[in-house]
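Trainee: The structure is given below, and queries will be raised subsequently.
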């Protein structure tokens, strides 16, 4: 499930960044990205003060993890709506009756696995989603890892000369070569056109 970028942490201003959390427990997983949140049951309604701290934790840590959660599809969607309108994937198969939910699965007979290359979800949209919520139901004991990278850290690692070179450049994000035929085996017909959009190579978080 992807989240529309028109609302949510992407545009929140954090006046209390770095302050202690009062309604959740947060354990940072690395110095630059990722944190685990406990003390939250995503299968129940979340009080506003706790939801505000979850928003802040996402903005400060970029990726947040909730372990051992039990959610129905409706609860999954309700949690996503706490961050803004939900985004519809332009090509992937969805769960019947829930177009906002994309099912990801693979086994020993799968010819490919989702997300094998580094990417940002649906960056070919004019307004890409601000994030995605992955609810893992079953995973192998070894492998199957989902990796995340901080673009803040990647930018800071660039030389000043490279930063100056990239400033003001744009890149064309074209969904055509990625999505054309990709989901045919899942019964999703190819469309006449897939999204494409031009975005700044260097984008500052608002």
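Laboratory data are not the source of any read-out in this text; all were calculated from the coordinates shown. Because the structure is predicted, anything quoted here is derived from the model rather than measured. Cβ placement follows ideal geometry from the backbone for every residue including glycine, while neighbour counts extend to all protein chains displayed.
Trainee: Across bins of 5 angstrom width beginning at 0, how are the C-alpha pair distances of region 43-133 distributed, in whole percent?
Mentor: Computed distribution, short to long bins: 2, 10, 17, 23, 22, 15, 7, 2, 1, 0.
Trainee: Multiplying the sequence separation of residue 178 and residue 70 by 0.36 nm and subtracting their Cα-Cα distance, what value in nm do you get?
Mentor: Going from the current span to full extension adds 35.6 nm.
Trainee: Send over the Kirkwood Rh of region 106-206, from the inverse of the averaged 1/r over different Cα pairs, rounded to one decimal Å.
Mentor: 16.7 Å
Trainee: At 0.36 nm per residue, minus the direct Cα-Cα distance, what do residue 81 and residue 152 gain on full extension? Give it in nm, one decimal, please.
Mentor: 23.0 nm
Trainee: Suppose each label sits 7 Å from its Cα in the direction of the beta carbon; what would the residue 170-residue 198 distance come out to in nanometres?
Mentor: Using points 7 Å along Cα→Cβ, the separation is 0.3 nm.
Trainee: Roughly what % of DSSP beta bridges within the chain run antiparallel, to the nearest 5?
Mentor: 85 percent
Trainee: Given the convex hull of the Cα atoms of region 133-187, what is a quarter of its surface area in nm²?
Mentor: Average projection, Cα convex hull of region 133-187: 7.2 nm².
Trainee: Okay, next question. Mind giving me the nanometre distance, one decimal, between the label points for residue 30 and residue 123, set 7 Å out from Cα along Cα→Cβ?
Mentor: It works out to 1.7 nm between the two label points.
Trainee: While we're looking at this one, here's another question. Provide the FRET efficiency to the nearest 0.05 for the residue 41-residue 161 pair, computing r from the beta carbons and using R0 = 41 Å.
Mentor: Once rounded, the FRET efficiency stands at 0.25.
Trainee: Taking 0.36 nm per residue of separation and subtracting the Cα-Cα distance, what length does fully extending residue 137 through residue 189 add?
Mentor: 16.0 nm
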